[in-house]
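Heads up: the structure comes next, in structure tokens.
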Amino acid sequence: MAKKVSSGAGEGAAGGLSARDQAVQERLLELRKQHQSLHERKIATEQDRKNLEQRLQELRAQAEREFGTSDIDQLRRLLEERRQENERMVREYQQHIDDIQQRLLEIDSGEEGAGGGQG
């Protein structure tokens, strides 16, 4: 059996640890628990990082396929161009609707005048 090494001072009569040694040992256990917890967090963080890197690569590849680039500045410019094009198309569509409404008003006005003599 292994024999405990003691400093000789401050030990109890039964040969147990002194209060000082016991405090150090308790602190050591706390530190080991903290280390284990940090180690587990490190592993989880590394896995999260790997997953995010893989997702980023997938998104870059998708952007390349769909838009011809994965460069963020080019994508922003492309987005702005598409927004401007959509705004232009909405303006044109609004003008088309306005023209139709105007023609319908003209038709309605013309029918009232022309339709009054018939019947």
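The values are calculated or read from the model by the stated rules, or taken from the named source; none is laboratory data. All figures in this text were calculated on a predicted structure; none of them were measured in a lab. FYI the Cβ positions are ideal-geometry reconstructions off the backbone, even for glycines, and counts take in every protein chain you see.
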Taking region 67-87 as the region of interest, how many residues are surrounded by 11 or more Cβ atoms within 10 Å (Cβ to Cβ) and part of a helix (DSSP H, G or I)?
7
Could you grab me the full set of residues in region 45-66 that are surrounded by 10 or more Cβ atoms within 10 Å (Cβ to Cβ) and among the basic types (K, R)?
R49, K50, R55, R60
Among (1) modelled with pLDDT under 95; (2) surrounded by 10 or more Cβ atoms within 10 Å (Cβ to Cβ), A14 falls short only on (2)
Options L52, L31, L59: the member that is more than 23 Å from the chain's Cα centre (by Cα) and in a helix (DSSP H, G or I)
L31
